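J.: Here it is, the structure in full.
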Amino acid sequence: MAVARPRVSRADEYHLCDICGRNVPINEIAGECQAVGCHRWVCKNCATVCDNCKKVFCRDDTEVVEVEGKKKRLCAECKPPPERRCFIATAAYGTPFAEEINVLRKFRDDNLKQSSVGRSFIDFYYLVSPPIAKFISSRSWLRKFVRSILNPLIILLKTH
């Protein structure tokens, strides 16, 4: 497939930005948008560049995310998958590999993910639970207390 060339005017000194429509000097063109199926030529004002792969994208095709404690602008290909752990149970049991946590994961995957209300709960949980889990993990008495609440629930889920 041939790569589209930018629309050119004034003897190759200026290019039209496909986003804002401005006729900009050649050195102000960031490049062709690398989003799947896009192929628009973008000026530096309208472009965003992925901090990881350095590809050029239209304004809204990248997202600022925190990676290893640093904020980065990443495209969909470079964006890490969201961390989808059982944060509070992991804090309570001390490991993400505990059998009890597998019961909770199975319930999440087999039941909660099947409805919009369940998916909304999961999204809310992943939003609020990391700081709660951090608080729990540093207090042994609280880990024990949370386990005492989770254990009957886990037994109930195992029997159904």
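FYI, it's all coordinate maths here, none of it is from the lab. Fair warning: this is a prediction, and the values are worked out from it, not measured in the lab. Counting neighbours? That spans all protein chains shown, and the Cβs are built from the backbone with ideal geometry, glycine included.
J.: What is the set of long-range amide H partners of residue 50 at a cut-off below 5 Å, with H atoms built 1.01 Å from backbone N?
T.: Answer set, sorted by chain and number: 55, 57.
J.: Using a cut-off of 18 Å between alpha-carbon atoms, which aspartates and glutamates can reach residue 70, once sequence neighbours fewer than 8 places away in the same chain are excluded?
T.: Qualifying aspartates and glutamates at Cα under 18 Å: 51, 83.
J.: Using +1 at the C-beta of Lys and Arg and -1 at the C-beta of Asp and Glu, which of 19, 87, 154 has the Cα lying farthest in the positive direction of the dipole of the chain?
T.: After comparing all options, I get 154.
J.: Next question. Which far-off residues, 5 or more places away or on another chain, put their amide H under 5 Å from the one on residue 15, with H placed in the peptide plane?
T.: HN-HN under 5 Å from residue 15: 24, 26.
J.: For a quick protection proxy, order the peptides 114-123, 36-45 by their average other-Cβ count within 10 Å, most packed first.
T.: Result, highest mean first: 36-45, 114-123.
J.: Given the peptides 87-97, 126-136, arrange them by the average over their residues of other C-beta atoms within 10 Å, most packed first.
T.: 87-97, 126-136
J.: To the nearest 0.05, how large is the calculated FRET efficiency for residue 76 and residue 127 if R₀ is 25 Å and r is the Cβ-Cβ distance?
T.: Efficiency for this residue pair is about 0.75.
J.: Follow-up question, since we're still on this one. Given a Förster distance of 41 angstrom, what is the FRET efficiency for residue 26 paired with residue 117, based on the Cβ-Cβ distance and rounded to 0.05?
T.: The computed FRET efficiency comes out at 0.15.
J.: Work out the length of the dipole vector of the range 29-124 about its Cα centre, built from +1 on the beta-carbon of each Lys and Arg and -1 on the beta-carbon of each Asp and Glu, and round it to the nearest 20 debye.
T.: It works out to roughly 280 debye.
J.: Let me ask something else about it. Can you give the angle from 0 to 90° between the axis of helix 99-110 and the longest principal axis of the chain, with both taken from C-alpha atoms, to the nearest 10?
T.: Here the helix axis deviates by roughly 50 degrees.
J.: Right, another one. Tabulate in residue order the Karplus-calculated ³J(HN,Hα) for the range 117-124, using 6.51 cos²θ - 1.76 cosθ + 1.60 with θ = phi - 60°, rounded to whole Hz; enter x for Gly and Pro.
T.: Once θ is set to phi - 60°, the couplings for the range 117-124 become 5, x, 5, 5, 4, 4, 4, 5 Hz.
J.: A follow-up question, please. Placing +1 on the Cβ of each Lys and Arg and -1 on the Cβ of each Asp and Glu in the chain, which of 145, 65, 129 has its Cα farthest towards the positive end of the resulting dipole?
T.: Result: 145.
J.: Using Cα positions and a limit of under 23 Å, work out the lysines in reach of residue 144, with same-chain residues fewer than 8 apart set aside.
T.: In chain and number order, the partners are 106, 134, 158.
J.: Another question about this same structure. Roughly what angle does helix 140-159 make with the longest principal axis of the chain, taking Cα atoms, 0 to 90 degrees, to the nearest 10?
T.: That works out to roughly 90 degrees.
J.: Rounded to the nearest 500 deg cm²/dmol, what is the calculated helix-only ellipticity per residue at 222 nm for the chain, with -39500 (n - 2.57) per DSSP H run of length n ≥ 4?
T.: -12500 deg cm²/dmol
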